[in-house]
Each structure stands twice: as C-alpha cells, then as structure tokens.
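What follows is a single structure, written as structure tokens, with notes after it.
The values are calculated or read from the model by the stated rules, or taken from the named source; none is laboratory data. Worth saying up front: this structure is predicted, and the values here are computed from it rather than measured. No Cβ is skipped: glycine too gets one built from the backbone with ideal geometry, and neighbour counts run over all protein chains shown.
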C-alpha cells in the first residue's frame, strides 16, 4: 500500500466513526418523550425502573429535569417500550446502510 492509499483508508475510517457518532446522537435525541407532565428518555434504565415498580399502579419518579412526576407504571412502560423499539429498529436499519457503504 502506498501513502495515498493509507490516507484514503484512514479518512474513510474516520468518516465512518464520525457518521456512527452522528447517528447515535440523532437516535438518542429521538428517545426523549413527554408523559404526565415530565420529559423522559426511553431506554433500559427507565424500563427496569418501571418494571421494579410493577406491583404499584402509580409511582413518583424524577424526570430528565429532576422534577418529581407521578406516573402510571403500566402506561409509561408501554409508551417507553414502544418508543425504544421504534427508534432502535430505525437505528439498526441506518447503521446497516452505513456499514454497507463502508
């Protein structure tokens, strides 16, 4: 491999890493949703917290802005899980397209 090939390879690798980072930021922003007067980030942490409170109908949790909000556990889990799956599926599709270009 000559120097020009090495430079092109390293640029392509850098561009791929930057594109993955941008893709992650894009989908992390899409994980945020409003519910019961609070702002929440769908994800495993929220879902585990909600599952640990499954025996209660309503609980008080801190939202993204550290505001206590009373939520219905079942409704919020359903909304969080739906948002998480939608965005993760879309993220996977875009990631696979990005990897195919590389």
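Key figures
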{"quantity": "Among (1) assigned to a helix (DSSP H, G or I); (2) under 14 Å from residue 46 (Cα atoms); (3) out of contact with any helix residue (DSSP H, G or I) (no Cβ under 8 Å at 6 or more places or on another chain) - the single one residue 97 does not satisfy", "calculated": "(2)"}
{"quantity": "Test result for residue 40, part of a helix (DSSP H, G or I), touching a helix residue (DSSP H, G or I) at 6+ places or on another chain (Cβ under 7 Å) and buried (at least 16 other Cβ atoms within 10 Å of the Cβ)", "calculated": "no"}
{"quantity": "Criterion: surrounded by fewer than 12 Cβ atoms within 10 Å (Cβ to Cβ), modelled with pLDDT of 95 or more and in a helix (DSSP H, G or I) - qualifying residue of 82, 45, 66, 86", "calculated": "45"}
